[in-house]
Amino acid sequence: MQINEEQLKKFILDGGLVPKKDLDEATKQALEKKQKLGNVLLSEGKISETDLRRMEAFVIGIPFVSLVSQKIDFAVLSLIPEPIARNYNIVAYKKDNDALEVAMLDADDLPVIDFIKKRSGLRILPRLTDTSSIKSVLVQYRQSLKTEFQDIIQKENNSLNVSSLKEGEKASERSESELKQMAEDLPVVKIVDSLIFHAILQNASDIHIEPGEKELTVRYRIDGILHDAMVLDKTAGLGITARIKVLSNLKLDEKRLPQDGRFKTEQNGEKISFRVSTLPTFFGEKTVIRLLKENAHGFSLESLGFHGEALELIHDSLKLKTGMVLATGPTGSGKTTTLYTMLDILNRPEVNISTVEDPIEYQMPRVNQTQVKPEIGLTFANGLRSLLRQDPDIVMVGEIRDGETAGLAVNASLTGHLVLSTIHTNSAAGAIPRLIDMGVEPFLMTATIKTVIAQRLVRKLTPNKEKYFLSDAELKNLQKIVDLDRVLVFLKAEKIIGEGDTWDKIPFYKAVKSTEFEDGYSSRVGIHEVLKVTPTIKEMIIKNSSQDEIEEQAKKEGMLTMLEDGVFQAVLGMTTIEEVFRVVSE
């Protein structure tokens with residue numbers, strides 16, 4: 001079903017869709033770049049996608065279909081798995097006896113048609129469609145799965161044999177064998193499998209299973225925000241927790257103490273690790289599952305949101321042979337991802353990289369990764385102590401939690417190692433008093449710490465966003481919180497705006513809700529502040545200067561604060577000002 005370019009050109013001209021001059025120019029470009037004429041016309045904005053697809057359909061002699069706002073039966077839709085539909089832009093929308101009508105963007109994609117034919121055992125009738133149709137159908141996968149998921153949960157929840165708790169019998173009195181039997185009960189297995197499958201599908205980072213007085217709430221953290229996924233009967237909690245404990249090798253009959261475990265699964269060829277934490281609460285055990293995609297890689301510092309001078313500072317600090325580079329921020333702010341990205345840059349054949357982590361979030365080739373196991377005495381401190389006998393060049397310590405680990409990390413960086421680690425503080429300057437509080441001497445700190453990165457994650461806007469300009473009153477209010485003059489200097493330095501531009505000419509963006517993205521955001525990007533420990537700042541650390549004084553000096557030396565970086569990213573159209581203020585509260 002190859003598209004004849006000359007015929008396509010004739011149809012476009014006859015239809016009066018593109019002037020002859022523009023069409024000739026596009027034909028010339030297509031030949032030079034060895035691209036399809038249609039793709040050149042689209043990228044130049046000379047023709048709408050719907051018009052182009054209609055013309056292509058005419059040339060090939062197959063119908064064009066628009067599926068926007070068309071409801072498709074899930075039984076037909078699921079004949080093509082969602083990953084295939086998403087990757088190859090092909091959806092099934094109508095089944096008639098032994099024939100299946102599929103809508104696609106590229107009619108030349110014969111291997112995928114052949115695959116669907118073999119998979120479904122039906123005769124395939126290809127139809128051309130446009131991107132908006134494909135997008136609207138892809139949303140239906142999620143909605144249909146949600147409905148199917150809720151049906152499973154409701155049905156299985158009703159059939160759970162947990163109501164057999166006799167009057168007055170407490171859940172805590174259940175024996176280990178009874179709990180094990182409950183965990184292997186088919187309804188419980190189906191519920192837990194559905195919860196996990198749906199969390200992966202929605203790109204959730206955590207699953208919270210929280211017992212209340214009368215019900216069990218399941219919530220997913222998606223792009224940093226918790227969303228209610230399901231409310232179940234209180235009685236379902238015992239079986240679900242037992243099932244998760246069985247999967248992650250935890251003690252079934254231990255309900256008085258917190259426990260930590262892990263398990264793995266594979267979905268659509270993607271390996272996913274789950275970190276499980278149980279905690280006794282007033283109404284029963286709360287379970288939190290963290291989802292970690294093992295083969296998530298290919299990050300670069302630029303894609304994480306670093307830019308300009310901050311990016312150069314990090315690259316400079318990674319060229320050092322000794323010293324410490326710290327990433328700071330609260331839990332879930334992307335510190336570990338930043339460290340792994342830096343390790344990826346440093347991972348060369350001539351260096352030995354060793355890590356002590358809890359947990360090992362991503363597996364990296366040629367990096368010796370050690371998992372902390374406190375229950376057998378393998379703590380961060382002990383692991384780091386042993387690791388230094390392994391002749392490493394670069395050491396990564398997952399987290400500096402106590403004085404012993406901090407002292408060992410400082411000593412490692414003093415004795416010829418580059419040490420990367422994370423620490424929990426609110427800002428880059430806040431790492432200094434935090435380490436002093438852990439017992440690290442200021443003079444040792446000045447000799448070792450080279451760069452401190454503080455970060456938060458903000459939700460990214462989808463391409464379907466709305467441009468607007470701030471009024472004078474809004475600019476005045478914003479100026480009270482953020483030094484807009486400084487941000488303007490950075491924007492001009494990185495040539496994001498023109499030399500003569502002022503704030504009244506600089507656009508910001510609003511989130512636009514859509515059927516695919518309920519709140520107008522999708523995935524996240526980092527906002528950062530990168531503090532270089534310069535000679536002036538070293539003097540201030542020795543003099544025991546406050547966190548605010550160190551931050552003020554770093555700003556004088558060119559540091560962009562996290563809030564200022566947030567406004568910078570908002571000008572780039574990556575996020576909104578509201579989202580920045582939601583994440584960075586000062």
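Worth pointing out:
- Restricting the first member to the stretch 10-38 and to residues that are under 15 Å from GLU56 (Cβ atoms) and in contact (Cβ under 8 Å) with a residue 60 or more places away in the chain, and the second to residues that are of a type outside the set (Ser, Thr, Tyr) and assigned to a helix (DSSP H, G or I), no beta-carbon pair is closer than 8 Å while six or more apart or on different chains.
- Of all residues making up the stretch 229-272, the number that are part of a strand (DSSP E or B), closer than 19 Å to ILE191 by Cα and among the polar types (S, T, N, Q): 2
The rows are residues; the columns are (1) surrounded by 21 or more Cβ atoms within 10 Å (Cβ to Cβ); (2) touching a residue at least 40 places away in the same chain (Cβ under 8 Å); (3) in a strand (DSSP E or B); (4) not hydrophobic (A, V, I, L, M, F, W, C).
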| residue | (1), (2), (3), (4) |
| --- | --- |
| PHE306 | yes, yes, no, no |
| GLU309 | no, yes, no, yes |
| LEU326 | yes, yes, yes, no |
| THR337 | no, no, no, yes |
| SER354 | yes, yes, yes, yes |
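- Within the option set ASN382, ASN411, ASN426, being surrounded by fewer than 23 Cβ atoms within 10 Å (Cβ to Cβ), in contact with a Pro (Cβ under 8 Å, 6 or more places away or on another chain) and not acidic (Asp, Glu) holds for one residue only, ASN426.
- Output for the stretch 54-73, where each listed residue is farther than 17 Å from LYS9 by Cα and of a type in the set (Asp, Glu): ASP73
- Candidates are the residues of the stretch 461-473 that are in contact (Cβ under 8 Å) with a residue 40 or more places away in the chain and surrounded by fewer than 21 Cβ atoms within 10 Å (Cβ to Cβ); the one that is farthest from the chain's Cα centre (by Cα) is TYR468.
- When the stretch 429-451 is filtered for residues that are without any contact (Cβ under 8 Å) to a residue 40 or more places away in the chain and surrounded by 20 or more Cβ atoms within 10 Å (Cβ to Cβ), the ones remaining, listed by number, are LEU435, VAL440.
- Of all residues in the stretch 252-262, those that are touching a residue at least 24 places away in the same chain (Cβ under 8 Å) and surrounded by fewer than 14 Cβ atoms within 10 Å (Cβ to Cβ) total 1.
- Every condition in (1) within 17 Å of GLY573 (Cβ to Cβ); (2) open to solvent by 30 Å² or more (accessible area, probe 1.4 Å) is met by ARG486 except one, and the failing one is (1).
- Elements of type helices (runs of 4 or more DSSP H) in the stretch 539-586, at least 1 residues being aliphatic (A, V, I, L, M) and open to solvent by 10 Å² or more (accessible area, probe 1.4 Å): 562-571, 577-583
- Of all the listed residues (ASP108, ASP98, ASP51), the sole one being open to solvent by 60 Å² or more (accessible area, probe 1.4 Å) and either of a type in the set (Asp, Glu) or out of contact with any Gly (no Cβ under 8 Å at 6 or more places or on another chain) (or both) is ASP98.
- Only one entry of GLN547, GLN553 meets the criterion of being without any contact (Cβ under 8 Å) to a residue 24 or more places away in the chain and touching a Ser or Thr at 6+ places or on another chain (Cβ under 8 Å), and that entry is GLN553.
- Filter result (within 22 Å of the chain's Cα centre (by Cα) and open to solvent by less than 40 Å² (accessible area, probe 1.4 Å)) within the stretch 361-376: GLU361, TYR362, MET364
- Scanning the stretch 427-447 for residues that are charged (D, E, K, R) and in a helix (DSSP H, G or I) turns up ARG434, ASP437.
- A count restricted to the stretch 11-20 and to residues that are open to solvent by 70 Å² or more (accessible area, probe 1.4 Å) and at pLDDT 80 or above stands at 2.
- Any pair with Cβ under 9 angstrom, 6 or more apart, that starts in the stretch 112-140 at a residue that is without any contact (Cβ under 8 Å) to a residue 60 or more places away in the chain and open to solvent by 60 Å² or more (accessible area, probe 1.4 Å) and ends at one that is among the hydrophobic types (A, V, I, L, M, F, W, C) and assigned to a helix (DSSP H, G or I): PHE115/ILE84; ARG119/ILE84
- Members of the stretch 474-502 found to be touching a residue at least 60 places away in the same chain (Cβ under 8 Å) and not in a helix (DSSP H, G or I), listed by number: VAL482, ASP483, GLU494, ILE496, ILE497
- Cβ pairs under 7 Å, 6+ apart, first in the stretch 49-77 and farther than 14 Å from LYS94 by Cα, second open to solvent by 40 Å² or more (accessible area, probe 1.4 Å) and of a type in the set (Gly, Ala, Ser): MET55/GLY15; VAL68/SER132
- Taking the conditions (1) crowded, with 17+ Cβ neighbours inside 10 Å; (2) within 26 Å of GLU375 (Cβ to Cβ) in turn, PRO280 satisfies each one other than (1).
- Considering only residues in the stretch 454-473 that are aliphatic (A, V, I, L, M) and either touching a Lys or Arg at 6+ places or on another chain (Cβ under 8 Å) or part of a helix (DSSP H, G or I) (or both), the one that is modelled with the lowest pLDDT turns out to be ALA473.
- VAL276 meets each of the listed conditions (1) of a type outside the set (S, T, N, Q); (2) touching a Gly at 6+ places or on another chain (Cβ under 7 Å); (3) in a loop (DSSP other than H, G, I, E, B) apart from (3).
- For the stretch 213-254, a residue qualifies if it is farther than 23 Å from GLU176 by Cα and either of a type in the set (A, V, I, L, M) or over 27 Å from the mean Cα position of the chain (by Cα) (or both), and the qualifying residues are GLU213, LYS214, GLU215, VAL218, ILE222, ILE225, LEU226, ALA229, MET230, VAL231, LEU232.
- Residue check for LEU226: in a loop (DSSP other than H, G, I, E, B) and either of a type in the set (Ser, Thr, Tyr) or out of contact with any helix residue (DSSP H, G or I) (no Cβ under 8 Å at 6 or more places or on another chain) (or both): no
- Options ALA75, ALA30; residue that is at pLDDT below 80, open to solvent by 20 Å² or more (accessible area, probe 1.4 Å) and either out of contact with any Gly (no Cβ under 6 Å at 6 or more places or on another chain) or more than 23 Å from LYS135 (Cα to Cα) (or both): ALA75
The values are calculated or read from the model by the stated rules, or taken from the named source; none is laboratory data. Predicted, not measured: the structure shown is a model, and the values here were computed from it. Glycine also receives a Cβ, built like all others from the backbone with ideal geometry; neighbour counts cover every protein chain displayed. Ligands, DNA and RNA are stripped out before the accessible areas are found, and what is left, the full protein with its side chains, is counted by its heavy atoms. Shrake-Rupley method; radii C 1.70, N 1.55, O 1.52, S 1.80 Å.
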